Every structure is written in C-alpha cells, then in structure tokens.
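Participant: Below are the structure tokens for one structure; questions will follow.
Every number here is computed from the coordinates shown, using simple stated rules; none is lab data. Computed from a predicted structure; not experimentally measured. Don't worry about glycine lacking a Cβ; one is built from the backbone with ideal geometry, like all the others, and counts go over all protein chains shown.
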Amino acid sequence: MKKHIGISLFFMGCFLSLSATNYLVATNGDDSNASTLDKPFATLQEAQSKALPGDIEE
C-alpha cells in the first residue's frame, strides 16, 4: 500500500511540473499585447523572446 502511494505521489509531481504556455501570433496582432486569443502578438520574435522550454508558439 505504501508503495502505491509513493508511486502515485511521484507521478502527480511529474505531471504538475508539465505546464506550458501558449503564445499566439497573428498578422493583425501587436507585440505589446498579452498574447491572448483576442490580443495576439504580431511577430514570432516577440513570442520567442517570451517563451521558455516547453512553451508552445502558434
């Protein structure tokens, strides 16, 4: 039983650390925007400058 709890806690910790941020880019965007669906960035360079390993640029 203790082994199962330990394994469960291990996997929960692994999945909690897997968080990524989506950065949205559009031709009608602005690099001063917050990169939301309604207010995307204008350039890939801005998205790349904000991105961390594991983040997604769309």
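Participant: Which far-off residues, 5 or more places away or on another chain, put their amide H under 5 Å from the one on ASN22, with H placed in the peptide plane?
Facilitator: Placed amide hydrogens put ILE56 under 5 Å from ASN22.
Participant: What's the local net charge at ASN33, with K and R +1, D and E -1, over the other residues with C-beta under 12 Å away?
Facilitator: So the environment of ASN33 carries a net charge of -2.
Participant: Near LYS50, which lysines are there with a Cα under 30 Å away, not counting those fewer than 8 places off in the same chain?
Facilitator: LYS39
Participant: Could you list PHE10, PHE41 in order of exposure, starting from the residue whose Cβ has the fewest other Cβ atoms within 10 Å?
Facilitator: By the 10 Å Cβ count, ascending, the order reads PHE10, PHE41.
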